[in-house]
Structures are given as C-alpha cells and as structure tokens.
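A short worksheet on the structure shown next.
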C-alpha cells in the first residue's frame with residue numbers, strides 16, 4: 001500500500017464520525033426501553049399456542065412479518081438460482097473421498113436429530129423453524145460434500161414445491177382464519193398450538209431447501225470453473 | 001473474585017474482539033483472510049447474543065450468520081481467485097492488489 | 001448481569017466502521033462485508049434495547065426482529081454474491097465501475 005492515504009479517507013472520516021457520534025447521542029437519549037410491549041406479550045402468551053415468547057411473537061402476534069420474510073427467502077432463492085451460471089441439473093461429486101463420506105455417514109444422523117430437537121423445542125424454548133431449517137441444510141451439505149446425491153433438490157417440480165411450502169403454510173392459515181370469520185392470521189387459542197406447529201414444519205422445509213440451494217448453486221458454479 | 005466484575009471484563013473482551021475483527025475484516029488486505037475472519041466474527045457475535053440473553057438469535061447467528069454467510073463469502077472468494085488473471089499466489093493474495101495503471 | 005449500553009455503543013461503533021468502509025472502497029465483496037457488519041451493529045443495538053430497563057424476561061419483540069433481520073440479510077447476501085460471481089465470470093470485474101469508481105487508483 002502506498003505511503004500516502006488517499007483523499008477519500010480524509011473526506012469520509014469526518015462525515016462518518018459525525019454520524020456515529022450522533023447515533024451514540026441518540027442512544028443515550030432514548031434511555032428507557034418500552035416495557036409495555038413486552039408486558040403485553042407476556043400477558044397474552046397463554047392463549048398464543050406457544051409458551052416461548054419469541055416463538056409466539058414470530059408465528060402468532062407478528063406472523064405476517066414472518067410470512068413476508070419467507071417470501072423474501074423465496075425471492076432470494078429464485079433470484080440466486082436465476083443468476084447462476086449456465087448449468088442444468090446437479091452434478092454429482094466423485095464418491096471416492098473416504099474421509100468426507102465417512103464423516104457424512106456418521107454425522108448426518110446426529111445433525112438430523114439436532115434439527116428435530118431444535119424444531120420441537122421451539123414452542124417452549126429457544127429454537128424454531130429458522131434454526132432447525134439451517135441445521136437440516138447443514139446436514140444435507142455434509143451429505144453433498146461426502147459424495148452422496150441429493151435427490152430432492154435436483155431441480156424440477158419437487159424442488160419448487162419444497163421452496164414454496166413454507167409460504168404456502170402461512171397462506172393456508174390466512175385463508176382458514178379469514179374463512180372462519182376471524183381476522184386474517186388471528187388464531188383462536190384452541191387452534192393456535194397446532195397451527196403454529198404446522199406452519200413451523202412447512203417453514204423449516206422451505207428454509208432448509210432455500211439455504212441448501214443457495215449454497216449448492218455457488219458450489220456448482222465453482223466446480224464449473226475448476227480445471 | 002467478584003462474579004460481576006468477571007462478567008463485565010468478559011463483556012469488554014467480547015466487544016473489543018468484535019470491533020477488532022470488524023477493522024481487520026474491512027481493512028486488512030486479502031479477501032480470503034477477510035472471509036475467514038468474518039466467520040470468526042459471526043461466532044463471537046453468537047457469544048454476544050448469549051451474553052445478552054437472546055438465545056434464539058444466538059442459534060440463528062451461529063448457523064446462518066457464521067455458517068451460511070461465511071460459506072457464501074468463501075465460495076465467492078474462491079471463484080474470484082480461480083478466474084482472475086494469475087497475479088495472485090494463492091488464496092492469501094486474492095484480488096486486493098490495486099489496478100495500477 | 002450484562003451491561004446493555006456497552007453492547008449498544010459497540011453496535012454503533014461497528015455501524016460507523018462499516019459505514020466508513022462503505023464510503024472508501026469499490027471492491028464489491030468488501031462492500032458486502034461492510035454492509036453485513038453494519039447490520040450486526042444494528043442488531044446489537046436492538047438486542048441491547050431488549051434487556052435494558054426491563055423487569056423479568058427480556059423483551060421478545062427485538063429478538064423476533066433481529067431473527068428476521070439475520071435471515072433477510074443472508075438472503076440478500078446470497079443474491080449479491082451470486083451477482084458478483086456472474087459479473088466476474090462475464091466481465092472479469094470485481095470492483096464498482098464508473099460513475100462509482102474513485103478517480104485515483106485503488107487501495108484496499
């Protein structure tokens with residue numbers, strides 16, 4: 001790196017310093033949080049279908065936001081797959097590597113179990129769809145690097161269905177609640193528990209498929225350019 | 001030793017590590033190094049979330065923030081390195097030499 | 001008991017560091033890393049606010065927001081890296097070009 005500091009550093013530094021200072025000052029000024037909202041969540045937790053506050057917020061009280069988040073994931077997956085280089089279906093790795101395939105064979109069952117545990121724990125403690133979905137995607141990637149073929153994400157209708165099912169879960173819940181005469185996505189306490197579990201299952205599948213495809217797309221492209 | 005003081009010192013360590021890592025990621029040359037440090041950054045952030053009692057966020061940060069994002073960055077670095085003209089001697093020198101006229 | 005303002009100020013500092021890098025580099029991968037670090041700084045401020053001045057359990061709403069934020073950030077970063085790879089494969093560029101490029105020569 002040349003000895004002189006380029007001009008843009010000197011130009012940017014005062015501006016960024018001012019912005020940062022203003023943010024710190026704003027932070028100090030907004031001293032109190034808003035305990036009312038947290039208390040509101042705790043008060044309504046009993047009939048929400050989950051005993052873990054974060055899950056109740058994500059899938060019941062602010063379910064619409066989570067639905068749109070799944071849509072964002074769907075758009076990201078679609079866009080990433082479209083932006084991929086020209087290649088048709090999944091190319092299989094050489095199944096020869098002993099260490100990788102042995103590791104995959106031994107670790108994947110444990111990883112799958114961990115994912116199920118995370119998902120099941122989500123209603124009463126930390127965990128839930130996103131974490132479990134990511135763990136499942138990690139397990140699938142272990143299999144991929146171990147040389148095993150991932151049939152479900154080899155393109156075609158099955159892959160599309162896997163990507164869509166999470167968004168569709170919320171959509172089905174919205175249709176059901178509206179048809180039953182309540183406000184959209186407002187769960188009656190009787191149905192809230194099963195509704196949350198069902199939506200979480202669908203969301204986990206979609207999240208796992210999305211993360212898996214995003215990483216695989218990059219892997220395939222890298223291998224296309226390898227000698 | 002007082003538990004409170006120990007916890008406070010640990011927090012200072014975590015925060016210091018985060019800031020130091022951020023500077024290293026963004027200002028040290030070598031994209032591969034930045035990618036690896038980014039994964040470390042994600043893991044230290046996981047510790048920060050645990051310290052702030054945000055356990056769901058910690059789980060998500062560990063898998064998604066450190067795992068998937070780190071993987072994406074390393075993949076991108078690998079591809080940028082593989083296709084670029086052979087000035088780089090390997091992963092440590094990827095793509096950061098300036099375009100000198 | 002943690003000291004939330006410490007983490008919140010750290011979050012703002014991370015935001016500032018990322019912002020500075022955002023303004024001073026044209027290398028796309030570094031821009032993405034800077035944006036991610038700014039995001040993590042923002043999350044630190046939010047999660048710190050969840051445990052500030054509270055009674056009992058932390059406020060779950062910032063937790064939900066940050067969870068969503070992490071996932072969306074990952075989605076955006078995935079698309080960004082895909083675009084970067086395509087751009088590099090097609091044109092060999094990995095920097096921003098004019099009118100965003102800096103007139104003087106590049107430095108990391």
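Read-outs throughout are calculated quantities, based only on the coordinates presented, and are distinct from any laboratory measurement. Fair warning: this is a prediction, and the values are worked out from it, not measured in the lab. Cβ placement follows ideal geometry from the backbone for every residue including glycine, while neighbour counts extend to all protein chains displayed.
Annotation: extensible slack from residue B:39 through residue B:5 equals 9.4 nm (criterion: 0.36 nm per residue apart, minus Cα-Cα distance).
The relative contact order of chain A, computed from alpha carbon pairs under 8 Å that lie at least 6 residues apart in sequence, is 26 percent. In summary, the convex hull built on the alpha carbon positions of the protein assembly as shown has an orientation-averaged projected area of 24.1 nm².
For the options C:50, C:34, C:78, a Gaussian network treatment of chain C with springs between C-alpha atoms closer than 10 Å singles out C:78 as fluctuating the most. Packing, as the average of other Cβ atoms within 10 Å across residues, places the peptides A:188-200, A:145-157, B:60-72 in the order B:60-72, A:188-200, A:145-157, highest first. The convex hull built on the alpha-carbon positions of chain C has an orientation-averaged projected area of 8.1 nm². Residue by residue along A:44-55, Cβ atoms of other protein chains within 10 Å of the local Cβ number 2 on average.
Take each residue in A:200-211, count the other chain C-beta atoms within 10 Å of its C-beta, and the mean is 1. The simple Förster model, with R0 at 60 Å and r as the Cβ-Cβ distance, assigns residue A:37 and residue A:97 a FRET efficiency of 0.70. Taking max minus min of the alpha-carbon positions on each principal axis, the range A:148-201 gives extents of 46, 18, 9 Å, largest first.
As a proxy for reagent exposure, A:144, A:9, B:55 were ordered by neighbouring Cβ count within 10 angstrom, fewest first; the result is A:9, B:55, A:144.
For the residues A:25, B:51, what sequence is obtained by ranking on other C-beta atoms within 10 Å, fewest first? Kindly include the intermediate steps, with their values, before the conclusion.
Values: A:25 10, B:51 21.
Listing A:25, B:51 from fewest to most nearby Cβ atoms yields A:25, B:51.
Counting only other chain Cβ atoms within 10 Å of each residue's Cβ, the peptide A:119-129 averages 2. Between A:176, A:56, A:208, the GNM of chain A built on Cα springs shorter than 10 angstrom shows A:176 fluctuating the most. Per residue, the average separation of C-alpha pairs within less than 8 Å and at least 6 apart gives chain C a relative contact order of 30 percent. Entry for the range A:164-227 at q = 0.24, 0.29 Å⁻¹: log10 I(q)/I(0) = -0.93, -1.12, Debye formula applied to identical alpha-carbon scatterers, no solvent contribution.
For the residues C:26, C:73, C:55, a GNM of chain C with alpha-carbon springs under 10 Å puts the largest fluctuation on C:55.
Label-to-label distance, residue A:13 versus residue B:24, with points set 7 angstrom from Cα along the beta-carbon direction: 2.3 nm. From the square roots a ≥ b ≥ c of the eigenvalues of the alpha-carbon gyration tensor of the range A:104-227, which class results: rounded (a/c under 1.5), prolate (a/b over b/c), or oblate? The shape class here is oblate. If you model chain A as an ellipsoid using its alpha carbon gyration tensor, with each semi-axis the square root of five times an eigenvalue, the axes come out at 35, 32, 18 Å, biggest first. For the range B:1-83, the gyration tensor built on C-alpha atoms gives an oblate shape. Its axis ratio a/c (a ≥ b ≥ c) is at least 1.5, and a/b is not larger than b/c.
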